[in-house]
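For reference, the structure discussed in these notes is given below.
Every number in this text was worked out from the coordinates using simple rules, so none of it is lab data. All values reported here derive from a predicted model rather than from experimental measurement. Reconstructed Cβ throughout: ideal geometry from the backbone, glycine too, with neighbour counts over all protein chains shown.
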Amino acid sequence: MNLSRLMPWLALLALIALVASCQHGRALRAQLDRATDDARRAKLDAQASAAVIERLLADAKAKDAQRAQLARARAGVDATLATYRNELRRLIDENAAVRAWAAGALPDDVVRLHASPALNGADDFAQRMRGGDAVHDAGDGAANQR
């Protein structure tokens, strides 16, 4: 075999290997760049998630503090209410006339008011009016004004 005849083929083969190696290097570099970008995005997402978690934890801590403050305020109100009830009971018990009045039955109108459900707006009020008579609007004014 003639070496001079093989040289162009060997050179062509070397050139093809060199081009393939360059293409492979470029593909690896592009893959590395994509992986670096993905890692950077993942890091930013993790930092954003950590910031959201920190805000949520701070909010939960603030709500716990508010809940504790509300519980303390409610305990204070309950204690004040108990004091007022005890004072009222003491005042009722010390006077025979007041004790007799407090032990008596409530008037029928008061019992009826306590037994009826709360009114929620003008429609409820109009439905409960005796005879279905509607009440005039506040802007109409009374007919017998001076």
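What to note about this one:
- Selection among 4, 56, 31 by position relative to the dipole of the chain gives 4 as farthest towards the positive end (Cβ unit charges, Cα centre).
- Given the choices [x] 2, 6, 5, 6, 5, 6, 6, 6, 8, 6, 5, 4, 4, 3, 3, 3, 3, 3, 3, 3, 3, 2, 2, 2, 1, 1, 1, 0; [y] 2, 8, 14, 14, 11, 9, 7, 6, 5, 6, 6, 6, 4, 2, 1, 0; [z] 2, 8, 17, 20, 21, 15, 9, 4, 2, 1, 0, P(r) over Cα pairs in 5 Å bins from 0, in percent derived from the coordinates of this structure is entry [x].
- DSSP H segments from the chain that extend 30 Å or more along their own axis, Cα-based, with Kyte-Doolittle mean of -0.5 or above: 3-94
- A simple spin-label model places pseudo-atoms 7 Å from Cα toward Cβ; at residue 44 and residue 23 they are separated by 3.3 nm.
- Comparing 70, 32, 81 in a Gaussian network model of the chain where C-alpha atoms under 10 Å apart are linked, the largest mean-square fluctuation is found at 32.
- Only DSSP H runs of four or more residues enter the estimate; each adds -39500 (n - 2.57), and after division by the residues of the chain the mean residue ellipticity at 222 nm equals -28500 deg cm²/dmol.
- Each Lys and Arg Cβ is given +1 and each Asp and Glu Cβ -1; about its Cα centre, the chain then shows a dipole of about 1080 debye.
- Residue with peak Gaussian network fluctuation, the chain [Cα springs, cutoff 10 Å], from 19, 77, 52: 19
- Of all the options 58, 35, 82, the one that moves most in a Gaussian network model of the chain with Cα springs shorter than 10 angstrom is 35.
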